[in-house]
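Peer 1: Please read through the structure below; I'll follow up with questions.
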Amino acid sequence: MHGTQNSITAEQFEAQTSAILASVSRVIDGKADAVRSALVCLLAEGHLLIEDVPGVGKTMLARALAASVDATVRRIQFTPDLLPGDVTGVSVYNPVDREFEFKHGAVFAQIVIADEINRSSPKTQSALLEAMEEGQVTVDGQTHPLPDPFLVVATQNPLEMEGTYALPEAQRDRFMMRVSMGYPDAAAEALMLRQRDSANPLSTITPVAEAAAIKQMICWSRAVHVSPAVEEYAVALAQATRNDPSLHLGASPRATLQLVRASKVWAALDGRDFVIPDDLTTLIVPVFAHRLLPARGVHRAGAQPIEAALGQIVERVRVPLAARV
């Protein structure tokens with residue numbers, strides 16, 4: 001199957017990905033890292049969690065990516081009264097046929113925008129777990145496959161905000177990466193004022209890639225080479241988080257797998273067909289940080305103990321010399 005789908009060249013991959021990045025960047029000013037992270041998650045078949053205060057463009061980023069790719073899109077606004085069936089779908093009795101038929105929920109789309117995911121109850125949040133991990137939904141014993149490719153872009157407000165629930169560890173672990181938008185700089189904010197006074201920039205975006213092209217790019221990224229030395233380095237980084245006294249919860253095996261998958265796409269976006277250790281260290285914070293928990297009392301030492309611990313781990317773990325073999 002890979003032979004038939006993986007029919008693009010390096011030049012076509014670069015042209016397609018550059019077009020998507022440029023399209024999204026027209027709407028999201030000055031946030032190249034967040035835009036690139038969203039594309040990495042799409043091509044690495046992961047899911048993206050965008051955490052930041054309201055009003056900095058989290059939903060705009062998700063919608064701009066969806067508009068740049070010719071894919072089906074659904075948006076779910078998470079609220080305290082949202083029910084799991086609203087997400088997955090429900091079985092409804094049809095009196096004519098005298099049988100139950102399944103009504104698809106909002107999760108049945110190629111790109112699902114889960115807006116303010118931490119404003120709903122843990123029970124509703126958990127409705128996404130099977131969909132994100134296995135690409136399917138099970139309702140009343142019947143399994144329904146989700147579209148392919150499938151990407152969840154979730155936004156959440158910081159826990160200090162009113163009316164938020166902390167995402168459970170199992171839910172956080174399903175997200176490949178967590179990024180923060182941050183406030184725009186003064187020039188980008190002034191440009192936004194001028195551009196958006198007359199029109200919504202999302203209305204000007206037209207798709208620059210079809211869903212079939214996304215599948216080809218996913219296959220291209222999968223084929224990026226990871227040497228045994230780099231694989232061992234990824235495992236060593238994950239093991240170090242589990243043995244670090246400043247961390248209560250280390251990285252899961254799923255986190256290690258997703259770090260390598262994300263690194264493959266990162267390398268491909270840089271025009272390489274092999275992963276280098278720098279790819280892993282560049283992505284370790286967005287891929288690992290949201291899965292880790294600091295040890296009790298460590299938070300007093302600094303505002304971001306997890307990021308600090310990961311920085312020390314990167315310095316401590318030996319980088320493989322034969323990385324490209």
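Peer 1: How are the alpha carbon pair distances in the stretch 52-160 distributed across 10 Å bins from zero to the largest one, expressed in percent?
Peer 2: 14, 43, 31, 10, 2, 0
Peer 1: Going Cα to Cα from residue 123, which lysines come in below 30 Å? Please leave out same-chain ones fewer than 8 positions away.
Peer 2: Of all the lysines, those that pass the test against residue 123 - Cα under 30 Å, at least 8 places apart if same chain - are 58, 103.
Peer 1: Give me the percent of DSSP beta bridges within the stretch 92-250 that run antiparallel, rounded to the nearest 5.
Peer 2: The antiparallel proportion sits near 65 percent.
Peer 1: Moving on. Describe numerically, in nm with one decimal, the distance between label points set 7 Å from Cα along Cα→Cβ at residue 12 and at residue 307.
Peer 2: Result: 4.0 nm between the two label points.
Peer 1: Would you mind computing Rg(Cα) / (2.2 N^0.38 Å) for the chain, counting N as its residues?
Peer 2: Expressed relative to 2.2 N^0.38 Å, the Cα Rg reads 1.03.
Peer 1: Still on this structure: From the alpha carbon gyration tensor of the stretch 1-105, can you work out the equivalent ellipsoid semi-axes (sqrt of 5 times each eigenvalue) and give them in Å, largest to smallest?
Peer 2: 34, 23, 11
Peer 1: Of the DSSP beta bridges with both residues in the chain, give the percent that are antiparallel, rounding to the nearest 5.
Peer 2: 40 percent
Peer 1: Hey, another quick one. Ignoring everything except DSSP H segments at least 4 long, calculate the 222 nm mean residue ellipticity for the chain; use -39,500 (n - 2.57) per segment, divide by total residues, nearest 500.
Peer 2: Result for the chain: -13000 deg cm²/dmol, rounded to the nearest 500.
Peer 1: Counting only heavy atoms of the protein chains, get the accessible area per residue of the chain (1.4 Å probe) and round it to a whole Å² value.
Peer 2: Heavy-atom accessible area per residue stands at 48 Å².
Peer 1: In nm, give the distance between the simple-model label positions of residue 22 and residue 239, each being 7 Å from the Cα along the Cα-to-Cβ direction.
Peer 2: That separation, rounded to one decimal, is 4.5 nm.
Peer 1: Let me ask something else about it. Given a Förster distance of 56 angstrom, what is the FRET efficiency for residue 193 paired with residue 274, based on the Cβ-Cβ distance and rounded to 0.05?
Peer 2: Efficiency for this residue pair is about 0.80.
Peer 1: Between residue 32 and residue 140, what FRET efficiency follows from the Cβ-Cβ distance if R0 is 35 Å, with the result rounded to 0.05?
Peer 2: 0.20
Peer 1: For the stretch 1-141, which whole percent of the accessible surface, found with a 1.4 angstrom probe, sits on carbon and sulfur atoms?
Peer 2: In the stretch 1-141, the share of accessible area belonging to carbon and sulfur is 50 percent.
Peer 1: Given the C-alpha centroids of the stretch 118-189 and the stretch 221-274, what is the distance between them in whole angstrom?
Peer 2: 22 Å
The values are calculated or read from the model by the stated rules, or taken from the named source; none is laboratory data. Since we're looking at a predicted model, the values are computed, not measured. All Cβ positions, even for glycine, are placed from backbone atoms using ideal geometry, and neighbour counts span all protein chains on display. To get the accessible areas, we keep the full protein, side chains included, count just its heavy atoms, and leave off ligands, DNA and RNA. Shrake-Rupley method; radii C 1.70, N 1.55, O 1.52, S 1.80 Å.
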